[in-house]
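Just so it is clear, none of the values below were taken in a lab; they were calculated from the coordinates. None of these values were measured; they are calculated from a predicted model. As a convention, Cβ positions derive from the backbone with ideal geometry for all residues, glycine included, and neighbour counts pool all protein chains shown.
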């Protein structure tokens, strides 16, 4: 009988975790207040690349002459209006986080529509630093 109870308890924990609307990361609560709701979908970076209307790259001029080579990954929320509302670093060189977040928050996207209505989108952005050059996707 105990294995069944344990499985049922584990199932309840998994279902509870999956039913939460908002991830618990720093700027998620602020976005919920400004957007008026908490519904969002996760979209693959390949899909959001086709929605980019304005792309700003981080300033890498001060990296000139260094051997800096790193990839910074950000988890971002795109508001219903297509503006990046939240950008949190999840991977990469910590010294590059601030400049990458500043650049990401200047990006603009075509609003993502679900059943004809704009919705908040969660996705990732990836910035590759190679010496004094930066590329993004």
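Per 0.36 nm of contour for each residue apart, how much would the distance between residue 126 and residue 81 grow if the chain were fully extended, relative to their Cα-Cα spacing?
Working: separation 45, 0.36 × 45 = 16.20 nm, distance 2.15 nm.
Stretched fully, the residue 126-residue 81 segment lengthens by 14.0 nm.
If R₀ is 35 angstrom, what is the calculated FRET efficiency for the pair residue 133 and residue 110, using the beta carbon separation as r and rounding to 0.05? If you can, show how the numbers build up before the last one.
Numbers: r = 27 Å, r/R0 = 0.77.
FRET efficiency, residue 133 to residue 110: 0.80.
Ranked highest first by average number of other Cβ atoms within 10 Å, how do 115-127, 71-83, 42-54 line up?
Details: 115-127: 17.1, 71-83: 19.6, 42-54: 12.5.
Per-residue Cβ counts within 10 Å, averaged per peptide and sorted highest first, yield 71-83, 115-127, 42-54.
How long is the gain from residue 55 to residue 93 if the chain were fully straight, where each residue apart is worth 0.36 nm and the alpha carbon distance is subtracted?
Numbers: separation 38, 0.36 × 38 = 13.68 nm, distance 2.11 nm.
So the extension gain works out to 11.6 nm.
How far apart, in nm, are the 7 Å Cα→Cβ label points at residue 70 and residue 42?
2.5 nm
Pull out a ≥ b ≥ c, the square roots of the eigenvalues of the alpha-carbon gyration tensor of region 77-137, then state rounded if a/c is under 1.5, prolate if not and a/b is larger than b/c, and oblate in the remaining case. Kindly include the intermediate steps, with their values, before the conclusion.
Values: a/c = 2.80, a/b = 2.41, b/c = 1.16.
Judged from the Cα gyration tensor, region 77-137 comes out prolate (a/c at least 1.5, a/b above b/c).
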